[in-house]
Amino acid sequence: MKKIAIIGAGISGLFIANLFRENPDYSLTIYEKNSSINMEEGYGIQLSINSIKLLNQIGFDALNKNEIFNPEKIDFYESIQEKKICDLNISEFNSENCKYTTLKRSKLVEFLKNRLEVNIIKYDHDIEKIEKNNNEITLTFNQNNKIKCDHLIISDGVFSKSKSLISHEQIKPVYNNTIAIRGNISSSRINNINKKNISLFMGHDFHYVIYPVNNKDEFNFIGILHYELSSEKLNNYYLFKEETFIQSIKDKLQNKITDTILDNLTNIKYFPVFVSKNYLKPVGNIFLVGDAFFAFPPSFAQGASQSIEGGYELFNNIINNKDNFYESRVSKVKMVNYRSKINQFAFHLSNPLIIFFRNICLKILTKNKKFLENYLGKIYKN
């Protein structure tokens, strides 16, 4: 029986563990540096059909339907006037048991975690050293706790410490010049939108998205604001807890979002958006997945879905003794990253003339099946 070690109990690590849990040829352990899993209670995520199809293989389709939502369309708006431009029917990619889904991130993590045996996850294990001798890997954690494994799966996120350890140099993500604003909002506080759809509002250097996360009238808010920060400020750990800095963000938002939305957000969290710069190809039986493999700009709603899809590809790669995981994943990741950058650019335009033509293009392209099959279909169909 081969031993698999997974570093990081995020979505990708938990999903891979679920795939391996019933395979008698492997034993696995997840090593998590924190004392518990960060559930990020309340915040939402979107899952396109490429990930839903894979999640259904481990029983996701049996989840309580009140805990998820299946939006039919994405409605595009101009942010200040709240004027609808057009809509995109994402349900056209659905099948009967595989539908575009929104839900609370905590519900997905809870589903993945609860399917695993309790002792699979070892908490308070902060990786300090990774050594490779032929096919044997030795991991050293804090308090000099050492273990050996046959395969190492690194899924410790965008700020992956393990990534630097295997490359023997400091690898850091780059600041995307954007700040994310997360929050929740009650259905009663939302007006002038179709609450059964995803609503995307575009403005000058800012866009935000509102969507239901379940069938209980609870909605998620995520905004992305262009905001340049110096290296000194980025290195200030307490910056996003300083009242004066938070107020500067709120001041920038004043003319970009209506008071009805801004004043009624709850559970608000502000944080800088970091993305990956390069790809790292580990050697042999060491693998990267999820944001540790590559983190995208959050403008294509594919972060969680690509973590799941990448995890499934890696699982099949290992059990079938294939060695094309890296090349296959890079190819898909490049497509998603390119589209994420295009979306962010288009969502944040400021020139009125360019916005005018953007809106015309949106109206045409969102109804063009050939374009949608190329732009979305290549991503949604794994």
Practice task
Exactly one condition in (1) farther than 24 Å from residue 295 by Cα; (2) modelled with pLDDT of 95 or more is not met by residue 24; state its number.
Solution key: (2)
Handout entry: Total residues in the stretch 66-113, condition farther than 17 Å from residue 196 by Cα, of a type in the set (Lys, Arg) and assigned to a strand (DSSP E or B)
Key = 1
Handout entry: Hey, residue 240 without any contact (Cβ under 8 Å) to a residue 40 or more places away in the chain, under 23 Å from residue 295 (Cα atoms) and touching a strand residue (DSSP E or B) at 6+ places or on another chain (Cβ under 7 Å) or not
Key = yes
Problem - Pick from the stretch 1-37, criterion free of Cβ contacts under 8 Å to residues at least 40 places away in the same chain and out of contact with any strand residue (DSSP E or B) (no Cβ under 8 Å at 6 or more places or on another chain), ranking: nearest to residue 135 (Cα to Cα) - result: 24
Problem - Selected residue (criterion: nearest to residue 189 (Cα to Cα)) from residues of the stretch 243-266 that are touching a residue at least 24 places away in the same chain (Cβ under 8 Å) and loosely packed, with under 14 Cβ neighbours inside 10 Å - result: 260
Handout entry: residue 167 closer than 16 Å to residue 293 by Cα, among the small types (Gly, Ala, Ser), touching a residue at least 40 places away in the same chain (Cβ under 8 Å) and in contact with a helix residue (DSSP H, G or I) (Cβ under 8 Å, 6 or more places away or on another chain)
Key = no
Handout entry: Among residues of the stretch 203-215, those that are surrounded by fewer than 19 Cβ atoms within 10 Å (Cβ to Cβ) and touching a Phe, Trp or Tyr at 6+ places or on another chain (Cβ under 9 Å), counted
Key = 2
Handout entry: Unmet requirement for residue 200, which otherwise passes all of (1) under 24 Å from the mean Cα position of the chain (by Cα); (2) surrounded by fewer than 16 Cβ atoms within 10 Å (Cβ to Cβ)
Key = (2)
Problem - Boolean, residue 116 is buried (at least 21 other Cβ atoms within 10 Å of the Cβ), touching a residue at least 40 places away in the same chain (Cβ under 8 Å) and either part of a helix (DSSP H, G or I) or over 20 Å from the mean Cα position of the chain (by Cα) (or both) - result: no
Handout entry: Test for residue 310: is it in contact with a strand residue (DSSP E or B) (Cβ under 8 Å, 6 or more places away or on another chain), of a type outside the set (A, V, I, L, M) and either buried (at least 18 other Cβ atoms within 10 Å of the Cβ) or within 21 Å of residue 112 (Cβ to Cβ) (or both)
Key = no
Handout entry: Any chance residue 229 is without any contact (Cβ under 8 Å) to a residue 60 or more places away in the chain and under 30 Å from residue 48 (Cβ atoms)
Key = no
Problem - So residue 79, is it within 21 Å of residue 217 (Cα to Cα) and either crowded, with 20+ Cβ neighbours inside 10 Å or polar (S, T, N, Q) (or both) - result: no
Problem - The listed residue being farther than 30 Å from residue 136 by Cβ, of a type in the set (Phe, Trp, Tyr) and under 22 Å from the mean Cα position of the chain (by Cα), out of 293, 357, 300 - result: 300
Practice task
Could you pull out the residue among 220, 255, 285, 267 that is among the polar types (S, T, N, Q), farther than 16 Å from residue 157 by Cα and out of contact with any strand residue (DSSP E or B) (no Cβ under 7 Å at 6 or more places or on another chain)?
Solution key: 255
Handout entry: Out of 371, 345, 294, sole residue that is assigned to a loop (DSSP other than H, G, I, E, B) and modelled with pLDDT of 95 or more
Key = 294
Problem - Test: residue in the stretch 345-362 that is surrounded by 13 or more Cβ atoms within 10 Å (Cβ to Cβ), under 29 Å from residue 18 (Cα atoms) and small (Gly, Ala, Ser) - result: no
Practice task
Report the residue count in the stretch 136-192 for those that are among the basic types (Lys, Arg), outside any helix (DSSP H, G or I) and either buried (at least 18 other Cβ atoms within 10 Å of the Cβ) or in contact with a His (Cβ under 6 Å, 6 or more places away or on another chain) (or both).
Solution key: 1
Fill in the blank from the handout: The number of residues in the stretch 197-252 that are out of contact with any Asp or Glu (no Cβ under 9 Å at 6 or more places or on another chain) and assigned to a strand (DSSP E or B) is 13
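The values are calculated or read from the model by the stated rules, or taken from the named source; none is laboratory data. Here the structure is a predicted model, which is why all the values come from computation and not from measurement. Positions of Cβ are backbone-derived with ideal geometry, glycine not excepted, and every protein chain shown enters the neighbour counts.
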